[in-house]
Amino acid sequence: MSPKFLFFACLLGILFFASCGENGDLSGTATDTENTVAGIVIKSDSSLAVGVTVRLVLAYKALPQQTVYVETITDSTGYFKFENVVADTFNLEFRYQLDSCAPESRFLRSLSLVDKSLNLGQILLQKSAYIKGAVNYQSDSTLNVGSHFSVSIANTTFETSILVNETFFVSGESGEATLIIAPADEFIVQKLHEMGYADSLIYQKLSVTLKAGDTLDIGTYTWQLVSLEVDTKAPMLTGVVLDSLGKPVQNVSVHVVTDLYGFSVKDSAKFDVQTVTNSAGVWVLRAPDTALVDSAFRVEFQQRGAGSTILTTGLSNFIVESELNVNASDTVDIGSVTMRKSSGFLGKIYLVWNQFDSTQDTLCLSYSIKVGFKGTSNFTRVNACASIVMKDLPALEQEVVYYSGDDFVVNNLLNGTLDRSSYVKSVFVNLPLGSTLQNQWFTYSPPTIEVE
């Protein structure tokens, strides 16, 4: 059996079949030989499915690229046939490709031969379910794993190969699914194994629920490699996400915020997906290292719709660091968080010589200010006096924080060499549900400007 890779572009990602296979026999219209599997594939509109890729998989391995299969393509009548099938049980995958995508598919699991043959009759394809997202990379290890990652769905033979921050699309069947994200370079994976990293740390998994015909946008997932030299004793975190009616919400992206003031944010914030909620609205992930927590942290939630639209957002209360002082085997339950329609903010921050006199001339273009909402991923850098436009914010009462956007000031605030109380200003606002809070004007007088 010769290696074979079939590449095809799907939407913004590049999907490819990651394994090895060989073409089956397309001749004949009936199972006229022993150990055969045959059938006719029909599209969801009841028309014949011509050119559908059919794969016979003996057994799924941990990763799609490790799974051995044979494949064939349906003929002009939608017919396919495999001969000389020797397995007692096997699986079939059907993919109908159209305009570089696979809009319809079908998965048949745990099939077996009956009297040395199996005629499946007509197989009706179903609308494919898609997962959309991107991968970000963080590492505490001395090994740089590079920017090439693979994203696949467990118990299928299909995956996509992407670069960091490149949008991916992978398709699967309706129902519960497990997304697997790992470095695509086999040499890197081998090195990680040699360094002592377990598969669970390399092949990171994300459980999601898919619906036929829909695209689940998980946002940006952070693939993080911890240093093995760090003796982590962080417990697990858990909680439940509910809608406004108190019902659990699944497929909500979860992000732990340890940088409450956004000091480490560059020019704009980024929500990094660390896990998603299951069908019961429950999420579980490892708590942050206490060394990264400055007295407290929060957990932020986003529910995405079509076109990456943020449908609803949620935000936990502040969780104090002392709550993490438990055994590593324990789980800290932060309780329930209610998802609500997101809000927006529109305002300006004026730089003035005297913070008690807002009528003075201002310094605008020559000075930048960082502004955001405490304990969220929503921070940005703007010129003083320029309009601040922010969207997809957690609604209701939030604390706006702002300070000098100068890199020297920000870096020293981050490492604690500057007095935070002298540079960071804040004000509480009430963000309206599903609407934008407008005409919010603040003043900022940095300590570096002498007041006469």
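Mind telling me which of the residues Ala177, Ala134 ends up being farther than 30 Å from Val85 by Cβ and assigned to a strand (DSSP E or B)? First the steps, then the outcome.
On the way: Ala177 fails: farther than 30 Å from Val85 by Cβ.
Answer to the check: Ala134.
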Original post:
Taking the range 52-111, which residues are without any contact (Cβ under 8 Å) to a residue 24 or more places away in the chain, more than 21 Å from Ala154 (Cα to Cα) and aliphatic (A, V, I, L, M)?
Top reply: Leu98
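In the range 424-440, how many residues are at pLDDT below 90 and exposed (fewer than 13 other Cβ atoms within 10 Å of the Cβ)?
As a first pass, look at the range 424-440 and keep what is at pLDDT below 90: 439-440.
Remaining after also requiring exposed (fewer than 13 other Cβ atoms within 10 Å of the Cβ): 439.
Number satisfying all stated conditions: 1.
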Subject >> Only one of Ser295, Ser253, Ser200 that is exposed (fewer than 14 other Cβ atoms within 10 Å of the Cβ) and either within 14 Å of the chain's Cα centre (by Cα) or under 24 Å from Val337 (Cα atoms) (or both) >> reply: Ser295
Subject >> Members of the range 369-384 found to be under 20 Å from Val352 (Cα atoms), hydrophobic (A, V, I, L, M, F, W, C) and assigned to a strand (DSSP E or B), listed by number >> reply: Ile369, Val371, Val382
**OP:** Mind listing whichever residues of the range 398-419 are surrounded by 14 or more Cβ atoms within 10 Å (Cβ to Cβ) and of a type outside the set (A, V, I, L, M)?
**Re:** Gln398, Glu399, Tyr402, Tyr403, Ser404, Gly405, Asp406, Asn412
Subject >> Qualifying positions in the range 283-321 - part of a loop (DSSP other than H, G, I, E, B) and acidic (Asp, Glu) >> reply: Asp289
Original post:
For Ala328, all conditions in the list (1) out of contact with any Asp or Glu (no Cβ under 9 Å at 6 or more places or on another chain); (2) outside any strand (DSSP E or B); (3) at pLDDT 85 or above hold save one; what is the number of the exception?
Top reply: (3)
**OP:** Go through Glu71, Glu83, Glu104 for me and flag whichever is of a type outside the set (A, V, I, L, M, F, W, C), crowded, with 22+ Cβ neighbours inside 10 Å and over 20 Å from Leu216 (Cβ atoms).
**Re:** Glu71
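The values are calculated or read from the model by the stated rules, or taken from the named source; none is laboratory data. Everything numeric here is computed off the predicted structure, so don't read it as measured data. Every residue, glycine as well, gets a Cβ built from its backbone with ideal geometry; the counts of neighbours run over all protein chains shown.
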